[in-house]
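The values are calculated or read from the model by the stated rules, or taken from the named source; none is laboratory data. Predicted, not measured: the structure shown is a model, and the values here were computed from it. Backbone-built Cβ (ideal geometry, glycine too); neighbour counts: all protein chains shown. Areas reflect the complete protein model, heavy atoms only, side chains present, ligands, DNA and RNA absent. Shrake-Rupley method; radii C 1.70, N 1.55, O 1.52, S 1.80 Å.
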Amino acid sequence: MSEVVSPGVTKAGNAFNELYHHRRLALVRLALLLVDDLPTAEDVVQDAFAMLLRRHGRQFTDLDDPEAYVRTSVVNAARSVLRRRRTARAYVPERERHAPSADRSVLLAETHQEVIDALQRLTRRQREVLVLRYWSDLSEAQIADTLGISRGTVKSTASRALDALARQLDVPR
């Protein structure tokens with residue numbers, strides 16, 4: 001019989017809770033850099049965890065790396081959000097932008113806003129590679145697995161993205 005950790009959760013089922021509590025914030029930050037909207041980023045991460053729970057249960061017995069699974073789900077969901085936004089903007093006039101949230105200054109210091117703006121001007125793949133590399137601190141192999149591309153593509157994309165950022169920010173590389 002499994003040891004009970006809290007009401008309704010066994011020690012064996014605690015793997016999901018631990019993953020959620022230890023990685024959720026980092027995944028929200030990742031999603032925020034990809035979709036540039038905190039409520040949407042939180043929804044993307046919540047949906048990724050819900051999909052993990054629905055498909056693999058609380059113990060992930062059939063998954064080698066649940067964290068990589070959730071990270072890939074977050075990146076794919078962020079892509080879907082951006083696709084839906086692009087489609088909606090193509091047919092509907094852009095709405096008035098809302099004021100930045102009160103916690104925006106905590107998440108993005110003013111000194112970093114220029115870099116964030118330059119990052120948003122990169123291609124989707126370039127932005128994903130840089131965010132996964134420098135924000136999430138993933139290796140080239142992990143980025144390749146997350147995005148479904150080769151390690152060579154990760155290297156060349158990162159190099160081109162850094163060159164583009166340097167040009168936009170007038171920083172010698």
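A few points about this structure:
- Single residue of region 150-173 satisfying the filter (touching a residue at least 12 places away in the same chain (Cβ under 8 Å) and β-branched (Val, Ile, Thr)) that is surrounded by the most Cβ atoms within 10 Å (Cβ to Cβ): Val154
- Hey, Ala15 touching a Pro at 6+ places or on another chain (Cβ under 8 Å) and either at pLDDT below 90 or open to solvent by less than 50 Å² (accessible area, probe 1.4 Å) (or both) or not: yes
- Of all residues making up region 26-69, the number that are touching a residue at least 24 places away in the same chain (Cβ under 8 Å) and open to solvent by 40 Å² or more (accessible area, probe 1.4 Å): 7
- Residue, farthest from the chain's Cα centre (by Cα), within region 77-117, restricted to residues that are open to solvent by less than 60 Å² (accessible area, probe 1.4 Å) and at pLDDT 80 or above: Arg85
- Meets criteria (part of a helix (DSSP H, G or I), β-branched (Val, Ile, Thr) and in contact (Cβ under 8 Å) with a residue 60 or more places away in the chain) for Val75: yes
- Scanning region 135-169 for residues that are under 26 Å from Arg23 (Cα atoms), acidic (Asp, Glu) and out of contact with any Ser or Thr (no Cβ under 9 Å at 6 or more places or on another chain) gives Asp137, Glu140.
- Residue count, region 118-149 (criterion: open to solvent by 70 Å² or more (accessible area, probe 1.4 Å) and outside any loop (DSSP other than H, G, I, E, B)): 7
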